[in-house]
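The values are calculated or read from the model by the stated rules, or taken from the named source; none is laboratory data. Note that the structure is a prediction, hence the values are computed from the model and not measured. Note: ideal-geometry Cβ built from the backbone for every residue, glycine included; neighbour counts use all protein chains shown.
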Amino acid sequence: MLKSTGAAVTATLLAGCSGGGDTGDDESDSESGEEATGNEAGGGEEASQSGGNTIAVAPDGGFKFEPSELTVSVGDTVTWEFEESSHNVSAWPDMHDKISIPDGASGFGTMDKDGNQFAVVDAGETLEHTFETAGEYTYVCMPHVASGMIGTVVVEE
């Protein structure tokens, strides 16, 4: 599984809108300690710790994250589960004006084994990120941000 522990990374994330992308093998790694694996759907419009901290990426083939907003506590880990290929997660503020993270927080997102944040993720992959700073994190799917594929994680103390 892709796993981010909040290490600062200042690379970029962008991908094409068509076709599947190759994210490398199951031993992907990067400056933020990311690795690759698994898949399962997330739940409703908004969720919290009670239903698990899972976000489905492109459920039912849609250009959306489900839930689109998730509230967690500092120290919680969120898992994005990719139900379709040709998508990614980017919370690198310098990549798009829709992306924002709290001051002092580290950016995160998917990338391949070479640290290429332009990569899209295959169906069945996951991304995990542990939130260490309270605040609101707005992230996007770079290939589909214009289609409204934007999500938010609110991290409470």
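Of everything in the stretch 107-129 that is touching a Gly at 6+ places or on another chain (Cβ under 6 Å) and either among the β-branched types (V, I, T) or free of Cβ contacts under 8 Å to residues at least 40 places away in the same chain (or both), the residue that is surrounded by the fewest Cβ atoms within 10 Å (Cβ to Cβ) is T126. The number of residues in the stretch 109-125 being modelled with pLDDT of 90 or more and over 18 Å from E69 (Cα atoms) comes to 7.
Of all the listed residues (S28, S106), the sole one being at pLDDT 50 or above and of a type in the set (G, A, S) is S106.
Restricting the first member to the stretch 134-157 and to residues that are farther than 14 Å from F108 by Cβ and at pLDDT below 95, and the second to residues that are small (G, A, S) and buried (at least 16 other Cβ atoms within 10 Å of the Cβ), the beta-carbon pairs closer than 7 Å and six or more apart or on different chains are P143/A15; P143/S86.
Residues in the stretch 55-75 that are in a strand (DSSP E or B), β-branched (V, I, T) and out of contact with any His (no Cβ under 8 Å at 6 or more places or on another chain): I55, T71, V72. When you scan the stretch 55-88, how many residues do you find that are in contact with a Ser or Thr (Cβ under 8 Å, 6 or more places away or on another chain) and under 23 Å from V155 (Cβ atoms)? Here the count works out to 16. In the stretch 94-151, the qualifying residues are those that are acidic (D, E) and assigned to a loop (DSSP other than H, G, I, E, B), and the one that is farthest from V57 (Cα to Cα) is D103. When G104 is tested against the conditions (1) small (G, A, S); (2) surrounded by 22 or more Cβ atoms within 10 Å (Cβ to Cβ); (3) over 14 Å from the mean Cα position of the chain (by Cα), the lone failure is (2).
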